[in-house]
1. Going by how many other Cβ atoms sit within 10 Å of their own, how do 110, 138 line up, fewest first?
2. Just subtract the alpha-carbon distance of residue 92 and residue 143 from 0.36 nm times their residue separation and send over the number in nm, one decimal.
3. Angle check, please: helix 131-148 long axis (alpha carbons) against the longest principal axis of the chain (alpha carbons), in degrees 0 to 90, nearest 10.
4. Quick one: among 179, 20, 70, which has the greatest mean-square fluctuation in a GNM of the chain with alpha-carbon springs under 10 angstrom?
5. Can you give the relative contact order of region 86-222 as a percent, counting alpha carbon pairs under 8 Å and 6+ residues apart?
6. Rounding to the nearest 10 and keeping the result within 0 to 90°, find how far the Cα-based axis of helix 152-167 lies from the longest principal axis of the chain.
7. Using the Karplus curve 6.51 cos²θ - 1.76 cosθ + 1.60 with θ = phi - 60°, work out ³J(HN,Hα) for each residue of region 62-68 in order, rounded to whole Hz, and write x for Gly and Pro.
8. In nanometres, what is the gap between the two model label sites at residue 72 and residue 28, each 7 Å from Cα along Cα-to-Cβ?
Amino acid sequence: MAHKRLYERVAEILAEQILRGDYRIDERMPSERELAEQYGVSRPTIREAMIALEVDGLVEVCTGSGVYVRALTRRHGKAAPMDIGPFELLEARALVEGEAAALAAAQITDPLLDALEALVREMEAENARDVVMSEDADRRFHLTIAEATNNSAMLHVVTELWDARSRSLQSVAFLQKVRAEGIKPRIDEHAAILSALRRRDPAAARTAMRAHLHGVADMVFAATEAEAVERARAEAADKRRRFRVDSVA
């Protein structure tokens with residue numbers, strides 16, 4: 001099992017526990033924080049594992065409530081094929097597309113800059129009408145930047161990363177949850193990328209692209225939070241810490 005991805009290994013361990021009856025039907029699974037500490041992994045890894053278990057029909061991830069066991073046998077009798085986890089994918093995109101933006105900034109043409117500006121306007125308009133169409137404009141925005149690198153290998157890699165999002169059962173399930181929470185492409189972040197490209201500033205373009213994709217990861221993580229009580233406790237603890245600091249000051 002050493003060759004498997006981290007979230008896949010955790011998902012298999014948890015699946016084995018469910019299949020042998022360690023949990024009852026409708027029983028709430030331990031919190032993300034508890035599982036992350038138990039297995040020595042990050043909370044995004046636990047969340048990816050839970051989505052994989054949900055694809056298998058073993059659990060249901062209820063936003064704001066928790067993760068509940070829904071079956072003691074897999075939906076299709078065997079584990080669904082594992083693919084790239086959504087947070088893995090965003091991490092890779094931040095690295096690759098950051099460099100693509102830097103490379104594009106040094107040589108992008110005015111017609112491509114105009115095309116990017118039109119796509120930002122399209123995203124903004126579609127955000128109010130149809131999020132799926134807005135996401136399509138988002139995809140074309142990023143692929144246009146990859147095209148502007150004039151590097152066919154870079155365009156191929158960026159295209160593959162975007163296509164992986166629609167091929168992966170885990171990523172598709174995650175995207176559906178994100179849409180249900182009202183998450184849409186961020187216009188201000190795309191505008192910041194475009195601004196850096198218009199200035200022909202590679203460093204700024206790289207920074208803007210990475211900031212955008214890291215922001216997407218943070219936004220997705222917040223939108224798919226299954227344990228509202230745990231989040232509320234963390235926020236309360238943070239407020240208490242800040243109050244103590246302010247009081248000392």
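Bear in mind these aren't lab numbers, they're just calculated from the coordinates by the rules spelled out. Owing to the predicted nature of the structure, the values given are computational and were not obtained by experimental measurement. Positions of Cβ are generated from backbone atoms using ideal geometry, with glycine treated the same way; all protein chains shown enter the neighbour counts.
1. Starting with the residue having the fewest Cβ neighbours, the order is 110, 138.
2. Separation in residues times 0.36 nm, less the Cα-Cα distance, equals 16.8 nm.
3. The answer is roughly 50 degrees.
4. 20
5. This gives 44 percent for region 86-222.
6. 30 degrees
7. Those phi angles translate into 9, 4, x, 10, x, 10, 10 Hz.
8. 2.2 nm
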